[in-house]
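S.K.: Structure provided below as structure tokens; questions to follow.
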Amino acid sequence: METSRDDFVIALRSAFLKKGTQQRFSLLSLIFFSIIFLIFSSLNFKVVDYLKIAINEIVYRSSFIVSGPENFIKNNYIIVQNHFDLYNANKKNELEIKKFKSDDISRKIIEFENIRLKEIINDYFVNDNEVVAKVLIDKKSPFLRSIAINKGSKDSIKLGMAVLDGIYFIGKVVEVNYSTSRVLLISDINSKIPVAIEPNNTQAIMSGNGLEKGIIEYINKDLKGNEIGDSIVFTSGVGGLFKSGIPIGRIIKKKDPSINQSFVNFYKDLSQLKYVKILSFKKENLKFETNKKKENNKVSTETLKNSTDENITLIKRQKEISDEIRLKLIEQNIILSEKLTKLQSEKKQLKKLIKEKDIIIQQEAEHHKNKEFLELNLLYGHKCSKNNVKNILKKKYKIGSPEYKACVMSKGKN
Amino acid sequence: MNLANKRIYLLLYKYFPLILLYTFIINDFDFTYTDYEYFSFNFSYIVIFYYSLKRSQSLGYIFIFLAGLFNDVIIGTPVGLSSLMYLILCGAGAYLRNITLRPSLIKDSLFFLLTILIINSILFLSLNFFFNYELNSLKEMMNIAFTFVLYFLFSKIFDLFEGFFVGTDNVR
């Protein structure tokens, strides 16, 4: 026990009191200094403040050198991180560009298709003239629903132009003066507007009833009733006066199914009009080929203006687009050829089936003929047979010969 | 290896613990105060304890004392407190070195845990009662726990470093 205590004391003494070969102070003396510093700092001695200032100076000056490696690592890390970010961003951008390119191609294809289809149905309307006018007078007679506006022939207003409030159709111009015009509202009883009822695209004529409602007329009898209830009414464009697809109102759902007429609730309150828009439409002479040529011409003039590099980029882009279109067409071609092969094989199978059926039908016909022959043979065979004694004087045939058969079939008359 | 290079290597080896200690203290980069709420550890304690145990002459007591003063000025604790803690840690390391015949990492680390528990208690009590600092005891406990756990990792790393200079067998 005594020995272990001695060991402990020796070890402690060695640790705290013994100075190393290059040590100027023992650990205990430094601990003592620390405690003195602590006491001084708790008592706010000026010496401690000076010491603090001196240490701060040393720290600030040396931190520049000491933080060198750290800053170097940090900067390099940031550079590497930036490179990775850039790489990821580039990858993302590439994907987005690819997506946009394919979207653009699809859009272009749809655009061209749309132009072609519009060309086929000859219904490509664009806004020709748009004039905004103020409502001067709003006549509220039950027999006349019209408004006077402050624009006339001097503002290029013409008879039959469509009048809109916002995006909603409200009437058409029926009278044009030099500086004013009169608009017949869709609620007027004389107003007859060709409309389409969506979603079924039912064609009809809408007339006014003198009140704030429209009446659907000349509609197919089968479509009257609940089928068109709660549908949306648009201008149909029939007649070529207005563009198709301008919203007018919504069909009021019938409470009583026995009522034959369908009414339209207009989107706009026609008694509250202040400013209206007068529009005329014209058919746009868009042609796929000419459009393409124009584009090509435009591109070629641009390419002449631009530098050689830009020209190359443009041509490359065009090529890329045309390549992608070609690829899409090839894909479609493959799908179609697959369909064709499938249809051809189906056709072959069907032909085979028809042949088989023909053979069966032929067999059936022969069978039927034989049956008929046998039946007739029983009845008239004796009249045609040579073997019969009664027929010696008559011209008769050998049993089984074609003449005999013909004789039997003609019921023994030959 | 030529003579000049050898001298640089020797100098680097000799002053590595001091460079490490001062770099981390001056840069305020000793993980005592991190952005994570409960993750922090005292890297200076690990360096001081490891090197006062393994290579006591590499860290002069006066340099440790000065490192403590620097640390106090930088983190804003009363001047002399960190020096006191570092020196107690040094003393504990020296004591353990004196009583140890067969060094083992487990014993070292357990003694390290005991020492940091004592010095953190002294730190906590002195800051709370004498200097009116408010310390979060839970955070302090987590700091002690992480310092203890990471002592294993860093002692292995330092062993590798020492092994690189003096050979693996001579490290232990």
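Please treat every number below as a calculation from the coordinates, not as lab data. Given the structure is predicted, the values throughout are model-derived calculations rather than measurements. Every residue, glycine as well, gets a Cβ built from its backbone with ideal geometry; the counts of neighbours run over all protein chains shown.
S.K.: Based on the mean of other beta carbon atoms within 10 Å per residue, what is the order of A:349-361, B:12-24, B:152-164, most packed first?
M.R.: Descending mean neighbour count gives B:12-24, B:152-164, A:349-361.
S.K.: Hey, how many Å between the Cα centroid of the range A:44-112 and the Cα centroid of the range B:110-172?
M.R.: Spelled out, the Cα-based centre of one part sits 32 Å from the other.
S.K.: Most exposed first by the Cβ proxy, i.e. fewest other Cβ within 10 Å, how do A:Y275, B:Y133 rank?
M.R.: A:Y275, B:Y133
S.K.: Averaged over A:197-206, how many beta carbons belonging to a partner chain fall within 10 Å of each residue's beta carbon?
M.R.: Rounded to a whole number, the mean comes out at 0.
S.K.: Multiply the residue separation of A:S244 and A:K339 by 0.36 nm, subtract the distance between their alpha-carbon atoms, and state the gained length in nm to one decimal.
M.R.: 30.5 nm
S.K.: Roughly how crowded by other chains is peptide B:122-134, in terms of the mean Cβ count from those chains within 10 Å of each of its Cβ atoms?
M.R.: 1
S.K.: Counting Lys and Arg as +1 and Asp and Glu as -1, what is the net charge of the other residues whose Cβ lies under 11 Å from the Cβ of A:Q332?
M.R.: On the way: positive: A:R326, A:K328, A:K339; negative: A:E331, A:E338.
With Lys, Arg at +1 and Asp, Glu at -1, the net is +1.
S.K.: Another question about this same structure. At R0 = 35 Å, how high is the FRET efficiency between A:L12 and A:E70 if r is their beta carbon distance? Nearest 0.05 is fine.
M.R.: Approximately 0.35, to the nearest 0.05.
S.K.: Using the structure shown, list the pairs from A:K371/A:K396; A:K319/A:K339; A:K172/A:K277; A:K92/A:K316 with a Cα-Cα distance above 20 Å, or answer none.
M.R.: A:K371/A:K396; A:K319/A:K339; A:K92/A:K316
S.K.: Taking Cα centroids, how far is the range B:47-70 from the range A:151-189 in Å?
M.R.: 98
S.K.: Rank by packing, highest mean first: peptides A:62-75, B:113-126, with packing defined as the count of other Cβ atoms within 10 Å averaged across residues.
M.R.: B:113-126, A:62-75
S.K.: Modelling each spin label as a point 7 Å along the Cα-to-Cβ direction, I'd like the A:I361/B:K156 distance in nm, to one decimal.
M.R.: Once both label points are built, they end up 9.0 nm from each other.
S.K.: Give me A:Y380, B:Y51, B:Y86 ranked fewest to most by other Cβ atoms within 10 Å of their Cβ, as a rough exposure proxy.
M.R.: Values: A:Y380 17, B:Y51 23, B:Y86 32.
By the 10 Å Cβ count, ascending, the order reads A:Y380, B:Y51, B:Y86.
S.K.: For peptide B:72-84, compute the average count of partner chain beta-carbon atoms within 10 Å of each residue's beta-carbon.
M.R.: Mean number of neighbouring Cβ atoms from other chains: 6.
S.K.: How would you rank A:335-346, A:27-38, B:64-75, highest first, on the average number of other Cβ atoms within 10 Å across their residues?
M.R.: B:64-75, A:27-38, A:335-346
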